[in-house]
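Colleague: After the structure tokens below, expect a handful of questions from me.
The values are calculated or read from the model by the stated rules, or taken from the named source; none is laboratory data. Computed from a predicted structure; not experimentally measured. No Cβ is skipped: glycine too gets one built from the backbone with ideal geometry, and neighbour counts run over all protein chains shown.
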Amino acid sequence: MKKTLTAKIIESHLAGSSADEYLLTIDQTLTQDATGTMAYLEFEAMGIDRVKTGLSVSYVDHNTLQTGFENADDHRFLQDAAAKFGVLFSRPGNGICHQVHLERFGAPGKTLLGSDSHTPTAGGIAMLAIGAGGLDVAAAMAGMPFALPRPKVVGVILENSLKPWVSAKDIILELLRRLTVKGGVGKIFEYLGPGVETLSVPERATITNMGAELGATTSIFPSDERTLAFLEAQGRASDWVRLEADEGAAYDETITIDLSVLEPLAACPHSPDAVMPVKDIPRTKVDQVIIGSCTNSSMKDMLTVAALLKGRKVHPDVSLAIAPGSRQVLEMLAVTGALGDIISAGARILETACGPCIGMGQAPASGSVSVRTFNRNFKGRSGTSDAMVYLASPETACACALTGVITDPRELGAYPKIEQPASFTVDDSMILRPAQDPSRVQIRRGPNIRPLPKRAPMEDSLVLKVLLRLQDNVTTDDIMPAGSKILPLRSNIEAISRYVFSPIDDTFSERAKASGAGCIVAGANYGQGSSREHAALAPMYLGVKAVFARSFARIHRSNLINFGILPVLIDEAGFERLAAGATVKVQGIHAALEGRSPLGVTVAETGEVIQAHLEVSAREAQLLKAGGLLNYISHSVRG
């Protein structure tokens, strides 16, 4: 039988399966500091001495803005935990996890699980790379297989090649324009066709990175001569294997993109799927441009930016900031002189970190327009609630920075010829190896690092107050915002829980605590965006027992289950009947989890019956009955 590339990797890593799920052996894991402290606290709670994966890496790239002791304390904890548990530690300043992992550790045909929703970046180097909550990653580090809901595999056929001024960013923006942020839920996007060979690994990684914005499980490119060239340049040719789909393999769906007809695109405020051709966007005044993030911070991207800025000056009304993706990229920019061209143009050079993408610095001025090469432009994510954020390619971003208005980059004239280096500077001195004798390592914990809260086993019936009623496409930024004030509290659930739903309703936390037991009602695609498990863990701490929604984003649904929150599916009629402030009675939970009878849901005030059901696997049912994954593991160990 002819197989897709996805099927080949899944089959080679299959540890078990059911009608609903594949259980996959995980080769590599990655964590970052916004999710990592909690992940290693969870790993520690499992009572396992050393990680059991082939490779696990702890990166510091999110919470690098040290305005207080909290982030520095977390970094120290992470370094100690990595040394003790057998994990590589990428120090602050070494770069963004996805860029560094692509450069130094990504290997075709391997599986990668990361506590970051943009882990699929490594699909650009032919890894089956999946984002998940920190608890799932901790379980994988403990040697447990990862449960992957059986996905549909979408074949994306790329034809011809891109024209000058059109980039890989425009390819994924075109997919978002066609499919929306809900179009990839439950799907893996596998790229094939003659256009693939025209794209370098960094270009492929840009596309797989932003596949997360489609809601996709992951995205993947084949491993070919382009992959080999990238690995050779990194001094890792021995990691290369050829991997591709069989000729004539069948896909659940196919999409064809003619690269030759694409033009520069941009996502308008406030969603990655609000995509328009740049030439059709009004020539709006631009106040800020930022180039970087895990989407567009590779050496290729930075050399393109340097070439476009060389001999030019940033418009006097624009603040241009540049964040290279790794120390390797920054060093090479300095050696080649490209960094000088960028600085001479008037750009501000930022740390090799995520920074502005998660609201960690460089918040735009109030009411201003910011053009960014990032992957998300949710309202308020930049740190400024009324900023208008556009997402675009480095070429378009440079054009906007130079002209001071939203500008089609084709207006800049001839496209510069970019020479990619045949080899990269390799210096892994900022990646620390674990201790040879872990018994000698004492993990230091700052006062902000608090014990994990746990939920009791699942009740058979619940009486819940509807605390909040929401529409479609609620993001994890809406549920548990990031930014420089809140991210440092990631290891202190009591403190961070005060900010749950604060962008929508700043009274939510107090109301939730006062209600004793509550629920959320939402529309479709609830929990899209980041993998942050805090968007489930903090509501659980506040007493949220269930979320009633028309559909759920994959990672957030898993996080809800991992922390013992019922993900209850409702139809449009049920959504309309569950009003804010209503009391909901939920009965027969255990029987419903076991598939013996429907879930009973009624509105207490009116007696109305709500059509609601739980679509969970047998494994997920066991987790929910236990009150979450940690409880389940604890019970299993004791048993």
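Colleague: Can you tell me which of Ser117, Ser56 is assigned to a strand (DSSP E or B), polar (S, T, N, Q) and either farther than 30 Å from Leu214 by Cα or touching a helix residue (DSSP H, G or I) at 6+ places or on another chain (Cβ under 8 Å) (or both)?
Modeller: Ser56
Colleague: From the list Asp252, Asp224, Asp273, which residue is under 23 Å from Ser12 (Cα atoms), among the acidic types (Asp, Glu), within 25 Å of the chain's Cα centre (by Cα) and at pLDDT 95 or above?
Modeller: Just one listed residue meets the conditions, Asp252.
Colleague: I've got another one for you. So which of Ser393, Ser370, Ser366, Ser423 ends up being touching a Lys or Arg at 6+ places or on another chain (Cβ under 9 Å) and not basic (Lys, Arg)?
Modeller: Ser393
Colleague: Can you name every residue in the stretch 620-634 that is at pLDDT 95 or above and part of a helix (DSSP H, G or I)?
Modeller: The answer is Glu620, Ala621, Gln622, Leu623, Leu624, Lys625, Ala626, Leu629.
Colleague: Just to be sure I understand the filter: pairs with C-beta atoms under 9 Å, separated by 6 or more residues or on different chains, first member in the stretch 434-445 and within 10 Å of Phe85 (Cα to Cα), second member β-branched (Val, Ile, Thr). Which pairs pass?
Modeller: Pro434/Val51; Pro434/Val87; Pro434/Val441; Ala435/Val441
Colleague: Sticking with this structure for a sec: At pLDDT below 95 and not hydrophobic (A, V, I, L, M, F, W, C): which single residue out of Gln79, Gln66, Gln99 fits that description?
Modeller: The match here is Gln66.
Colleague: Follow-up question, since we're still on this one. Give the residue, chosen from Ala142, Ala126, that is surrounded by 21 or more Cβ atoms within 10 Å (Cβ to Cβ) and among the small types (Gly, Ala, Ser).
Modeller: The unique qualifying residue is Ala126.
Colleague: Counting only residues that are in a helix (DSSP H, G or I) and within 17 Å of the chain's Cα centre (by Cα), which one in the stretch 78-114 is farthest from Ala233 (Cα to Cα)?
Modeller: Residue satisfying both the conditions and the ranking: Cys97.
Colleague: Out of all the residues in the stretch 426-435, which are assigned to a loop (DSSP other than H, G, I, E, B) and either surrounded by 12 or more Cβ atoms within 10 Å (Cβ to Cβ) or at pLDDT below 95 (or both)?
Modeller: Residues satisfying the conditions are Val426, Asp428, Met430, Arg433, Pro434, Ala435.
Colleague: Would you confirm whether any residue within the stretch 319-341 is among the hydrophobic types (A, V, I, L, M, F, W, C), under 17 Å from Thr407 (Cβ atoms) and in contact (Cβ under 8 Å) with a residue 40 or more places away in the chain?
Modeller: yes
Colleague: So, one more: I need the full set of residues from the stretch 593-626 which are crowded, with 16+ Cβ neighbours inside 10 Å, within 35 Å of the chain's Cα centre (by Cα) and closer than 21 Å to Glu572 by Cβ, in order please.
Modeller: Answer for the stretch 593-626, where residues must be crowded, with 16+ Cβ neighbours inside 10 Å, within 35 Å of the chain's Cα centre (by Cα) and closer than 21 Å to Glu572 by Cβ: Leu599, Gly600, Val601, Ile610, Ala612, Leu614.
Colleague: Where in the stretch 446-557 are the helices (runs of 4 or more DSSP H), entirely inside, with at least 2 residues that are within 22 Å of the chain's Cα centre (by Cα) and at pLDDT 95 or above?
Modeller: 476-479, 493-496, 534-541
Colleague: If a residue must be surrounded by fewer than 17 Cβ atoms within 10 Å (Cβ to Cβ) and either assigned by TED's automatic domain parsing to the domain that holds Glu615 or of a type in the set (Gly, Ala, Ser) (or both), how many such residues does the stretch 149-192 contain?
Modeller: Residues in the stretch 149-192 being surrounded by fewer than 17 Cβ atoms within 10 Å (Cβ to Cβ) and either assigned by TED's automatic domain parsing to the domain that holds Glu615 or of a type in the set (Gly, Ala, Ser) (or both): 2 in total.
Colleague: Can I ask one more? Under 9 Å between Cβ atoms, at least 6 apart or on separate chains: pull out the pairs that start in the stretch 467-488 with a residue that is closer than 30 Å to Asp73 by Cα and end on any residue that is β-branched (Val, Ile, Thr) and in a strand (DSSP E or B).
Modeller: Ile479/Ile520
Colleague: Working only within the stretch 169-185, note down all residues that are β-branched (Val, Ile, Thr) and in a loop (DSSP other than H, G, I, E, B).
Modeller: Thr180, Val181
Colleague: What are the residues in the stretch 323-338 that are part of a helix (DSSP H, G or I) and in contact with a Leu (Cβ under 7 Å, 6 or more places away or on another chain), if any?
Modeller: Result: Leu333, Ala338.
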